[in-house]
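The values are calculated or read from the model by the stated rules, or taken from the named source; none is laboratory data. What you are looking at is a predicted structure, and each value in this text was computed from that prediction instead of being measured. Note that we place each Cβ from the backbone using ideal geometry, even for glycine, and neighbour counts take in every protein chain shown. Quick note on the areas: whole protein, heavy atoms, side chains included, nothing else; ligands and nucleic acids left out. Shrake-Rupley method; radii C 1.70, N 1.55, O 1.52, S 1.80 Å.
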Amino acid sequence: MSRRTAWAAWARLLALLVLGGAVGVALFAAVLAWAQHTPGGEALRYPWEATRAFFFEGANPYHRLALLYRWAALRGSRVAPDVYFFPVALIFYGPLALMGAFAWARAMAAVGLVAGWVAAGLLGGQALRWRGGRGLAAVLFFFALTWFFAALTLVTGDVVGWVWALLVLALAALLRGRETLVGAALALALIRPEVAGLPVVFLLLWALAHRRWRVWAGFWGVLLLSAAVAFWLLPSWPLDMLRLILKAAPLVSPRLALAQAMPGVGPRLGQLMVGLVALNVLMEWWAAASGSPRHAVWATALSAWGGVLLGTRVVPAAEVMLLLPLGVVWFHWAARWRAYGRHAVLLTAALFWALPWFLWRDLLRSPVSHWPRWDVFFLLPLGIWPLLYAVRWWATRPHALLDEAS
């Protein structure tokens, strides 16, 4: 390479860096303006305030959370109390707490979350060997970023969006043989154990059955290191967290929405729903225990579906987790049905995109002033469940998977 060619290559690289930086600054400025002039962020504001009070005032973050939730209840706000796992919460909320203005913290959280979604989607598609073409992949990226529940996650600032991205990262790492990364991603996903608990437990049990010890090493390595830092900063955090769990009763969940919709039979129907969903998930765990990594991906998608229905502190934004089973369904359709599969993907994507925006857009305008109806929690999961089972044969049969990989 001549000196002139080398200088030209460096100049192009510098121009790309300058252009990328300018675009990034412009996008962040637009997001910051949105955060300053748009109400919302209630799922982010209280943990941000509690972590900031811990850093700069020496206040116990769990005591501050209890006080903030009590004030919200006195004002008539229906903010659903969340109890965060302190070691992992430091990783997510610690950097944001260093920002003095909430609008800046909200904008940084939104930009980081979208970047995490894009990265997780790219890694997941590469690991699963996406065969639907770039055009269909672009359509699904648009779906994921503009879906009603993705928008609700961004507006409320709910960290559940990161749980989805981390689970996709864990599955992509599992298919790539990066087992330590799998465990680390699962440990970080415990920021919302009510939603992530079932997928995390299943993947740990699957790794145990297959003697994938590096998954456990990565999981406990991240968890013990973060717990050691948490004990050093706040030795009483386990008891404080337990007290807040006992004090802050859940306000929103599928069972509570069902009980409120039908006070007479709703509680019994909720118990029946929990029993049936738990039985379904446990039976599939048993079937997948000795299965391949692709079978584990399908069972993880089912576990994410079950977590949305079984969690005791599940808000509507948590339904963004349904992107995981939808992604598994769409991958198998595009891989096995070819042209017909692409049409099926486009049809279901259009349906699942339009339906929530048409039915529940009022929830997006003011998430804390509308008590979620039962259909918000049950309509989409009941529609996705048969689709997930429609691809089960392809996901669990080794010869079918070999045909896909060829």
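Overview of values
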item	result
Candidates 119, 170, 109: whichever shows maximal mean-square fluctuation once the chain is modelled as a Gaussian network with Cα springs under 10 Å	119
Charge dipole (debye, nearest 20) of region 233-379; +1 at Cβ of Lys and Arg, -1 at Cβ of Asp and Glu	140
Cut-off of 10 Å, at most 10 other beta carbons, DSSP loop: longest stretch of the chain lacking such trypsin sites (Lys or Arg not before Pro)	212-406
Efficiency of FRET between residue 73 and residue 134 - r from beta-carbon atoms, R0 60 angstrom, step 0.05	0.75
Carbon and sulfur %, accessible surface of region 85-217 computed with the full protein complex present, 1.4 Å	71
Whole-number accessible area per residue in Å² for region 134-208, which is evaluated in the context of all protein chains at 1.4 Å	30
Percent RCO, i.e. relative contact order, over the chain, from Cα pairs under 8 Å lying at least 6 residues apart	20
Radius of gyration and maximum dimension Dmax of region 262-308, Cα, Å	13.5, 45
Helix runs (DSSP H) in the chain reaching 27 Å along axis by Cα, Kyte-Doolittle at least -0.5	3-37, 102-128, 213-233, 266-288, 339-365
